[in-house]
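What follows is a short report on a single structure.
Coordinate-derived values only; no laboratory data. For clarity, every value in this text was computed on a predicted model and none was experimentally measured. Heads up, the Cβs are rebuilt from the backbone with ideal geometry, glycines too, and the neighbour counts pull from every protein chain shown.
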Amino acid sequence: MARRSTKTPPPENFEERILDIDVVDEMQGSFLEYAYSVIYSRALPDARDGLKPVHRRILYQMNEMGLRPDRGYVKCARVVGEVMGKLHPHGDASIYDALVRMAQPFSMRVPLVDGHGNFGSLGNDDPPAAMRYTEARMASATSLMTESIEEDTVDFTPNYDGSEREPVALPAAYPNLLVNGSSGIAVGMATNMPPHNLGEVVAAARHLIKHPGADLDTLMKFIPGPDLPTGGRIVGLSGVRDAYETGRGTFKIRATVAVENVTARRKGLVVTELPFAVGPEKVISKIKDLVGSKKLQGIADVKDLTDRAHGLRLVIEVKNGFNPEAVLEQLYKLTPMEESFGINNVALVDGQPLTLGLKELLEVYVDHRFEVVRRRSEFRRGKRRDRLHLVEGLLVALLDIDEVIRIIRSSENAAQAKEALIARFSLSEVQTQYILDTPLRRLTKFDRIELEAERDRLTEEIEKLTRILESDTELRRLVSNELGDVAKKFGTDRRTVLLESAGAPASAVPLQVADDPCRVLMSSTGLLARTATGEPFTPAAGEAKRVKHDVIVSAVPATALGEVGAVTSAGRLLRVRVIDLPQLPETAAAPSLSGGAPVPEFLSLEDGETVVCLTTLDESSPGLAIGTEQGVVKRVVPDYPANKDELEVISLKEGDRIVGAAELRTGEEDLVFLTDDAQLLRYQASQVRPQGRPAGGMAGVKLSAGAKVISFTAIDPAADAVVFTRAGARGGMGGATEGTAKLTPFDQYPRKGRATGGVRCQRFLKGEDCLVMAWAGPAPARAADAKGVPVELPETDPRRDGSGTPLAKPVSALAGPV
């Protein structure tokens with residue numbers, strides 16, 4: 001079966017015509033039409049109001065919808081629908097994207113839309129919600145963009161189908177193009193303009209109004225550079241000046257970064273401002289890629305702590321051993337924390353795309369504002385003249401109201417009454433019609449007074465508007481004053497810092513910290529720190545000032561990238577990386593650890609376990625000397641395997657613990673035991689045979705029944721040393737009880753043999769039956785209470801077994817010079 005053709009046959013009188021068109025001409029014509037549409041209807045802003053057509057249509061339609069700042073929010077979908085249906089016959093996505101950008105405070109220096117809901121995040125890391133969820137209304141500053149638009153201040157043109165009319169430019173009460181900037185890509189050209197500070201731009205515009213011949217250098221005193229919504233630092237201003245002079249230039253934007261102690265162990269780079277249009281997720285992703293490819297070193301971790309309360313806060317932790325300043329320089333070089341901004345001031349002027357400098361941009365805006373204010377004044381003067389004409393006619397009728405009423409009553413109809421009134425009072429048709437339309441209740445004596453006052457006011461306003469229209473000086477003054485009022489109401493402080501240069505190149509700073517000598521210190525309050533040099537503290541002669549945390553109970557030499565050991569009361573030796581410790585200022589003139597960090601920040605200790613001393617891990621030294629509460633002594637053979645972070649240095653008996661330990665320097669030191677029953681035993685370290693780490697030690701001091709060791713130290717016999725003892729009652733004397741104390745020269749105590757009972761070091765007074773604290777070490781001794789506050793010690797007493805004297809304050813720790 002044959003298929004029947006569905007093609008409609010041509011009419012009988014149809015004549016086929018084929019046009020032969022050159023494809024080159026067709027492509028050229030079509031492309032030019034497309035390019036024209038993109039340039040003039042989409043991509044480039046108008047230099048007068050700084051808006052592209054889509055932005056202008058959104059703001060105009062919101063104004064027509066009555067979405068004032070003092071009204072409620074409406075769904076963005078409603079705004080988009082109104083704009084698309086009446087003015088902008090394109091996709092809803094492009095309209096909503098433009099609306100969203102005008103509501104983002106990180107995109108616009110002065111937002112034009114007041115958004116309610118999720119309008120995205122910096123760098124578009126978090127995209128905005130759909131328009132059916134978000135709401136919007138005009139921002140406070142937007143009313144200035146559309147102000148007096150109904151007073152014939154700008155020209156209107158038909159919309160795409162001729163059913164509506166839209167403005168070719170908004171009145172724009174402030175220089176929006178410079179304030180908020182713009183970006184767009186057209187065909188064969190593009191624009192990219194940074195935002196500026198409203199107050200600075202207005203000040204420059206007012207100066208140009210007063211001094212039309214002002215040069216660029218003068219204007220740049222008011223506008224030194226862009227002011228970006230996200231702050232940051234502009235480095236290098238030569239490119240900014242080029243852009244202000246020629247319309248094209250480039251500058252660099254750097255993130256605002258501070259070096260802070262982010263943890264007790266590490267320093268970090270805290271980013272509070274990023275370059276324009278760069279989000280934290282973009283920076284984090286780039287850093288992770290660079291660290292993974294080993295192109296960036298020194299980064300330990302990156303955390304985004306940004307929230308609504310505190311704003312942007314990106315924390316980049318720097319590994320110990322790396323200079324934060326050098327790491328920051330690498331971040332500037334390799335990540336979006338430093339971005340280039342190419343200024344290209346292309347805008348439409350009288351329908352033509354032009355590249356404009358700063359002065360030209362201001363001149364175009366100022367001329368537009370002159371035209372707006374002039375047309376507004378003419379419109380207002382015409383309205384007031386029309387009203388004055390009606391008021392004057394009504395006043396004429398009121399002067400002889402009886403005659404007016406008689407004429408109206410005697411007339412056959414309204415037309416006859418109108419003609420009679422015109423003939424009788426010499427009124428115009430408009431005045432006569434207004435009299436006829438006025439109700440009798442308006443023809444009272446009081447209303448006449450009101451009309452006369454209105455006539456005088458209208459006359460005065462017309463004269464004022466006439467002066468503005470006839471005097472260029474008055475017009476300029478009015479425009480300048482209105483700009484000043486805008487800046488006063490909406491101006492804000494500058495956010496972006498302008499720098500002539502980046503300063504000294506940070507590349508001169510080595511990336512990694514040098515392995516310089518230093519000293520590791522531990523205070524009586526449990527703080528650890530390292531010094532900047534390997535030299536001991538040398539207080540100035542006669543220095544009497546004492547500071548908090550000045551009792552340093554242990555100090556060992558080290559290097560910045562090395563390790564030291566921490567001996568604990570449980571018989572463990574734990575490794576500590578020196579670079580992890582906070583560094584004390586180089587200006588410290590006296591031993592102070594107020595800048596240190598607590599021991600638990602670096603070491604994992606068991607309940608009740610404490611650090612008794614620090615030691616080097618030098619296996620060529622004579623080793624450690626250890627004394628326990630039950631009177632055991634041990635010299636430990638220095639054997640510290642590098643692959644172990646925790647070592648056992650003594651096997652303790654059940655219930656025993658280390659009360660003191662010291663690293664021997666020569667092996668000829670004196671070991672000193674002090675017991676709570678006021679016995680002191682001193683003998684040479686050579687009497688103790690070195691043992692391996694797992695050994696349990698040997699008898700060090702003979703204890704009487706119920707006695708225990710409360711102090712163990714090692715003292716150089718050639719050094720000047722002292723012994724401190726403090727007496728109290730068992731169970732009654734605590735750390736907060738003053739008690740009696742005694743300070744005795746160390747040479748008053750003779751040497752005895754190992755494992756003997758020693759000699760008495762303090763005589764108990766009434767109410768005392770034990771020593772609650774004791775210490776032996778190099779002079780002069782320093783003392784502090786439990787909070788690290790210095791405590792004055794009694795005068796030296798040469799009697800080794802004498803009684804003590806009362807203390808003004810409790811003593812919790814003692815140490816010698818370091």
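Here are the numbers:
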| read-out | value |
| --- | --- |
| Volume per residue that the Cα convex hull of segment 256-336 spans, once the total is divided by residue count, Å³ | 86 |
| Cα-based helix-to-principal-axis angle, 445-470 vs the chain, degrees rounded to 10 | 80 |
| Kirkwood-based shape ratio for segment 36-198, expressed as Rg/Rh from alpha carbons | 0.93 |
| Given the chain, longest segment not containing exposed loop chymotrypsin sites (Phe, Trp or Tyr not before Pro) (DSSP; at most 14 other Cβ within 10 Å) | 161-818 |
| Summed side-chain charge close to P175 - residues other than P175 whose Cβ falls under 10 Å, Lys, Arg +1, Asp, Glu -1 | +1 |
| Spacing of the two label points (7 Å from each Cα toward its C-beta) at R457 and R248, in nm | 5.7 |
| Angle between the chain longest axis and helix 324-334 axis [Cα atoms, degrees, rounded to 10] | 40 |
| Cα-based Rg / Dmax (Å) for segment 635-701 | 13.3, 43 |
| Sites E371 and K488 - FRET efficiency at Förster radius 25 Å, r taken between beta-carbons, to 0.05 | 0.55 |
| Reciprocal of mean inverse Cα separation for segment 517-815 (Kirkwood radius, Å) | 19.5 |
| Tilt relative to the chain, helix 401-410 - C-alpha long axis, 0 to 90 degrees, to 10 | 50 |
| DSSP-defined antiparallel bridges as percent of all bridges, the chain, nearest 5 | 95 |
| Euclidean distance of C-alpha centroids, segment 52-105 and segment 367-423, integer Å | 41 |
| Using alpha carbons only: equivalent-ellipsoid semi-axes of segment 361-490, gyration tensor based, whole Å | 42, 15, 11 |
| Cα radius of gyration and Dmax for segment 667-781 (Å) | 14.5, 46 |
| Residue-averaged [θ]222 nm for the chain, counting only DSSP H segments that reach four residues, each worth -39500 (n - 2.57) | -9000 deg cm²/dmol |
| Principal axes of the chain: Cα extent on each, largest first, Å | 144, 94, 65 |
